[in-house]
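Heads up: the structure comes next, in structure tokens.
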Amino acid sequence: MVGPGADEELRSFRSWLLDTPEIRQHAKISWQTTEPQPGDMGAGAIDTLQLITDNFWQIATFSLSYVAWRKTRARSPRVTIEHNGRVVTIESDDSASVERITRALTDE
């Protein structure tokens, strides 16, 4: 996530996913913090939220959960989703976002 309060927003989204039974029961959610290496540009650690699932139903549930969570936020951070080398940036909470997330996570 990028934008004001992105770290807090990412933590909020992680909590949202953990509170969603369909996600929590059928997907592995992990948190990783990567410290910058000498010579790296940037000012601090990078937090990554990783969700591992093995079926289309969970991808659709994740997409819908993201949109539902985003509608609860006062701020709308830009979110980058990466899967198999494909990177998609989401900046809204409309139905097209659900489609873009689902497509990004299912296209090989």
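The values are calculated or read from the model by the stated rules, or taken from the named source; none is laboratory data. Owing to the predicted nature of the structure, the values given are computational and were not obtained by experimental measurement. All Cβ positions, even for glycine, are placed from backbone atoms using ideal geometry, and neighbour counts span all protein chains on display. Please note that ligands, DNA and RNA were not included when accessible areas were found on the heavy atoms of the full protein model with its side chains. Shrake-Rupley method; radii C 1.70, N 1.55, O 1.52, S 1.80 Å.
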Query - Subset of the stretch 54-66 [open to solvent by 40 Å² or more (accessible area, probe 1.4 Å) and under 13 Å from the mean Cα position of the chain (by Cα)] - result: 64
Query raised in the report: Taking residue 31 and the conditions (1) under 14 Å from the mean Cα position of the chain (by Cα); (2) open to solvent by 100 Å² or more (accessible area, probe 1.4 Å), which numbered condition does it fall short on, given that it satisfies the others?
Result: (2)
Report summary line: The one condition residue 80 fails out of (1) free of Cβ contacts under 8 Å to residues at least 60 places away in the same chain; (2) under 16 Å from residue 13 (Cβ atoms); (3) hydroxyl-bearing (Ser, Thr, Tyr) is (1)
